[in-house]
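This report refers to the structure that appears directly beneath it.
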Amino acid sequence: MARMIPNVNPSQLEHGAEVPVYVALRDQLSDEFAVLHSYPWLRPWRAEGALAEGETDFVVLHRRLGLLVLEVKGGRGIRHDGRMWYRNSAHGPREFQDPFDQARRNMHALLDIVEERSGGQLTRHHFAYGYAVVFPHVDYEGTPPPNADRAIIISRRHMASMDQAVLLALKAWGGHSRDLGREKYDTLLNDCLKPKFRMIRRIGPDITTASDKLLELTEHQAQVFEGLYAQDRVLVEGVAGSGKTFIALARALAFARAGRRVLFVCYNSALASWLRRQVLDDSRTGPYRSNLSIENFHALAKGLVEKAGIRFGPAGGGLRGSHFWDEEVPALLEQAVLEHDIRGVDVRYDVLVVDEAQDFSLGWWYALTESLLRTEDGPVYAFMDPNQSLRGVVQSPPIAFETTFRLNMNCRNTRKIATASASVLELQSRTFARAPVGASLKVLRARSRAQQLELVLRELERLLRTEELQARQVVLIGPSARAKGSVAGVNEVSGVPLTADSDAWREGRGVLVTTSRSFKGLEADVVLLYDLGGFGSLFQKEDLYVACTRAKFLLIAIAHGKECSAVLEAASRASEDET
């Protein structure tokens, strides 16, 4: 049985004369044949250049025998007077177009289409081609017209042996065992004669609209809390995406504008770099930005210690591990501040604003508040999310805060991403009613770790080419650094570089490849998670939660391990339920 395209109930065909032909082709030809029915075409026609349209009743394709165009002419009162064709009607004989000329025209139109759509890789020289005319209701006698041949006339007596009639017509046109091969045949059928055509709504405009609305919500948060900062010691706890960093920076800038010397300190170096760029790019901060220092704790401590002329390293030598940072660095920082005092260099601050406070050790807090804060009762603002702790156990700041605010509303992510992210840690998601819904979490399952790269490259190419996103809108986040992940050997995709430099990414010079811990506190329009196998000490559920919450508008995850897949698929189902 032939493959009919489209495969329909013959009784639904518009033209009754085509019904017996459709049935005969379908039932008598083998499954090596594909038959396109009622094939329309539109293209510039010959020298005139104007668009011409046509419709081919049937196109018969065979990988070895070639292409045959069939023109069907129904009716019982058909005749040819040696020059013109006529069909009987209620008003007498009525002239109609020469069916052989019509079939020939359709055939050449299809051949031109094949050559154009294949880019010249497939031409009429690669396969046999021809045409025939089918008269399903009448037979004929006498000599065929000059532009016809018995081999290409299929009449009523041939309907019971349609398969033999088609083979005879193909062979008459030179059809023989000239195998196109699977690749060229697929190109002929799938790319040329029935190419995929779909209407695409690119996500770029949607991202812009959603981002504007999310920014509006975040600014609303800042305005609300601006009136609540009557106290000098404030702790703000908030879920991921609740605008903590935005509010923290706004508060730090307000102090700087008032002439206070402010230290904004966080854990993540990329976050500190991004915030410094935000301040520099805002011309309004020019008169007072010198009052504000933005640092991550590691760079702050190292810089102050080395500028004081003190060796920055473990007392016993070796690597700078967690013990060094948590136990030795606070003492080195205190020593460095005293050394700067002796030299008459003021390194203290009037106000301390701490973001990512859940990742600060007790020693860091003592060093910051007792050494770097100018007065014991100076203002301290701490912003934290216990669910994003890199330490596993959150060490609460050893400070008597006068008030605590809680931000429970997510205003960074679309509602579907917020729901999916919360599901990872089985948290309750809360979003503003006006927040954009967005798209559900998309989860792709790689059969193996080796297939990860194939899926990553495919999705990246789709985002950059089909969706036409810019490099600075897309981030790849994995459990390990780029050099240790599946994209280690890949330098570019669709002409766009991959980079591990967050500054280069922000400047649009490449798609960022990073980790959830390095990108914590930051955000991107689109996040593609990859190399997701299982959980361990270096990649925990909390890390997956952080990675998911970095996506503002679109979140895609590629997993090859059962553990991560199960969590992500549950998150995807949760996001699909969000409306």
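The values are calculated or read from the model by the stated rules, or taken from the named source; none is laboratory data. These numbers were taken from a predicted model, which means no experiment stands behind them. Every residue, glycine as well, gets a Cβ built from its backbone with ideal geometry; the counts of neighbours run over all protein chains shown. The protein model used for the area step is the full one, side chains on, heavy atoms only, and it has no ligands, DNA or RNA in it. Shrake-Rupley method; radii C 1.70, N 1.55, O 1.52, S 1.80 Å.
Distant-in-sequence amide contacts of Asp525, defined by a placed amide H-H separation under 5 Å and a gap of 5 or more residues or a different chain, comprise Lys552. The DSSP beta bridges internal to the chain are antiparallel in roughly 30% of cases.
In this structure, the amide hydrogen of Phe432, modeled 1.01 Å from its nitrogen in the peptide plane, lies closer than 5 angstrom to those of Asn410, counting only residues at least 5 positions away or on a different chain. With both labels modelled 7 Å from their Cα along Cα-to-Cβ, the Phe96 to Lys171 distance reads 3.0 nm. Taking amide H atoms as placed 1.01 Å from N in the peptide plane, the amide H of Leu444 lies under 5 Å from those of Ala557, Ile558, Ala559, each 5 or more residues away in sequence or on another chain. In the complete set of protein chains, residue-level accessible area for Ser440 is approximately 30 Å², probe 1.4 angstrom.
Each Lys and Arg adds +1 at its Cβ and each Asp and Glu adds -1 at its Cβ; summed about the Cα centre, the chain shows a dipole of about 1180 debye. The 3J(HN,Hα) values that the Karplus relation (6.51, -1.76, 1.60; θ = phi - 60°) gives for the stretch 543-551 are, in residue order, 5, 5, 4, 4, 4, 5, 6, 6, 7 Hz. Gly and Pro appear as x. Electrostatic tally near Glu402: other residues with Cβ closer than 13 Å to its Cβ, Lys and Arg +1, Asp and Glu -1, net -1.
What accessible area per residue, rounded to a whole number of Å², is obtained for the stretch 386-494 using a probe radius of 1.4 Å?
Working: 5330 Å² over 109 residues.
So the stretch 386-494 comes to 49 Å² accessible per residue, rounded to a whole number.
What is the antiparallel percent of DSSP beta bridges lying wholly in the stretch 38-139, to the nearest 5? Can you show the working numbers first?
Working: 19 of 25 bridges.
If we restrict to bridges inside the stretch 38-139, about 75 percent are antiparallel.
Classify the stretch 47-88: rounded, prolate or oblate, from the alpha-carbon gyration tensor (a ≥ b ≥ c, eigenvalue square roots; a/c under 1.5 rounded; otherwise prolate if a/b is larger than b/c)? Here the stretch 47-88 falls in the oblate category. If R0 equals 51 Å, the separation of the Cβ atoms of Ala570 and Glu53 corresponds to a calculated FRET efficiency of about 0.50. Pairs Lys73/Lys194; Lys184/Lys416; Lys302/Lys416; Lys520/Lys562; Lys194/Lys562: which are spaced more than 32 Å apart, C-alpha to C-alpha? Among Lys73/Lys194; Lys184/Lys416; Lys302/Lys416; Lys520/Lys562; Lys194/Lys562, the Cα-Cα distance tops 32 Å for Lys184/Lys416; Lys302/Lys416; Lys194/Lys562. For the stretch 162-169, putting each phi into the Karplus relation 6.51 cos²θ - 1.76 cosθ + 1.60 with θ = phi - 60° gives couplings of 4, 4, 5, 5, 5, 4, 4, 5 Hz, in residue order, rounded to whole numbers and with x for Gly and Pro. Between the beta carbons of Ser396 and Ala481, assuming R0 = 45 Å, the FRET efficiency works out to 0.90 to the nearest 0.05.
With the helix formula -39500 (n - 2.57) applied to DSSP H stretches of n ≥ 4, the chain reaches a computed 222 nm mean residue ellipticity of -9500 deg cm²/dmol.
With K and R counted +1 and D and E -1, the other residues having a Cβ less than 14 Å from that of Ser161 yield a net charge of -1. The longest stretch of the chain left intact once loop-based GluC sites (Glu not before Pro) with at most 16 other Cβ atoms within 10 Å are removed from consideration, loops following DSSP, is 142-375. Of the chymotrypsin sites (Phe, Trp or Tyr not before Pro) in the stretch 82-187, the ones in a loop by DSSP (not H, G, I, E or B) with at most 16 other beta carbons within 10 Å are Tyr140. For the stretch 293-307, 3J(HN,Hα) computed residue by residue from phi via the Karplus equation (6.51, -1.76, 1.60; θ = phi - 60°) reads 10, 10, 9, 8, 4, 4, 5, 4, 5, 4, x, 5, 5, 5, 5 Hz, glycine and proline entered as x. Extension gain for the segment Leu13 to Thr466, taken as residue separation times 0.36 nm less the Cα-Cα distance, is 159.4 nm to one decimal. Here Ile113 sits with roughly 10 square angstrom of accessible surface, probe radius 1.4 Å.
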